[in-house]
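The values are calculated or read from the model by the stated rules, or taken from the named source; none is laboratory data. Computed from a prediction, not measured in an experiment: that's the story for all the values here. Virtual Cβ from ideal backbone geometry, glycine too; neighbours counted across all protein chains shown.
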Amino acid sequence: MKRGAFALRFLFSLAHTLYYRYNNIVCYTKPGLDADSYVVYACYDVKFVGFDTLVPGLTPFYVSRNEEGRYYIRDWEHNPDEAAYANEVTAQEDVAALYDRIRNESAEILAGDEELSQYLSNYLNDMMVAVGEALNEKENSPESTEAPTESAAAQESESKSEPEASQPAQT
């Protein structure tokens with residue numbers, strides 16, 4: 001597994017300590033490289049564990065139809081053409097405006113909730129340290145295909161938060 005993929009999976013494995021619920025999910029789509037494929041931008045409001053404030057977020061996906069006719073989220077990291085195409089689509093004016101809107105709304109909301117803003121800042125710093133430690137540990141141990149499920153930072157954060165959580169997202 002590549003270093004970037006490992007880091008991302010490790011972050012996702014820890015995210016349950018941060019996210020509680022998603023509301024107001026809306027998906028914007030752009031055509032993909034192939035028929036029945038799309039670049040999807042899922043926009044939502046996320047509620048963080050221990051806070052009532054909803055913060056806008058956005059997560060991009062590359063979606064394709066499989067042989068059974070069902071859509072699934074593709075891992076575009078392993079397909080350089082899809083990754084490059086998704087980056088091109090993301091640079092388009094309408095998608096860039098979507099990212100700007102979400103970024104500005106998030107900043108405005110966080111400016112009005114200093115406690116949540118500080119919590120997220122501390123959490124992100126803790127996660128960067130945890131990812132760095134996990135990457136160092138991975139590089140210094142026999143090759144593994146699985147990301148660690150928890151770290152000291154995650155266990156500490158988990159003990160301070162509500163027990164119920166949802167799936168991770170990128171903003």
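Could you tell me whether any residue of the stretch 117-125 is at pLDDT 90 or above and of a type outside the set (Lys, Arg)?
The answer is yes, given that some residue of the stretch 117-125 is at pLDDT 90 or above and of a type outside the set (Lys, Arg).
Among what's in the stretch 59-101 and is surrounded by 12 or more Cβ atoms within 10 Å (Cβ to Cβ) and more than 15 Å from residue 40 (Cα to Cα), pick the residue that is nearest to the chain's Cα centre (by Cα).
Of everything passing the filter in the stretch 59-101, 77 is nearest to the chain's Cα centre (by Cα).
Quick one: in the stretch 126-171, which of the residues that are in contact with a Ser or Thr (Cβ under 8 Å, 6 or more places away or on another chain) and under 23 Å from residue 60 (Cα atoms) is modelled with the highest pLDDT?
147
Name the single residue that is modelled with the lowest pLDDT among those in the stretch 32-71 being assigned to a loop (DSSP other than H, G, I, E, B) and among the hydrophobic types (A, V, I, L, M, F, W, C).
Out of the qualifying residues, it is 49.
Out of the stretch 72-121, which residues are among the hydrophobic types (A, V, I, L, M, F, W, C) and outside any helix (DSSP H, G or I)?
Across the stretch 72-121, the qualifying residues are 73, 91.
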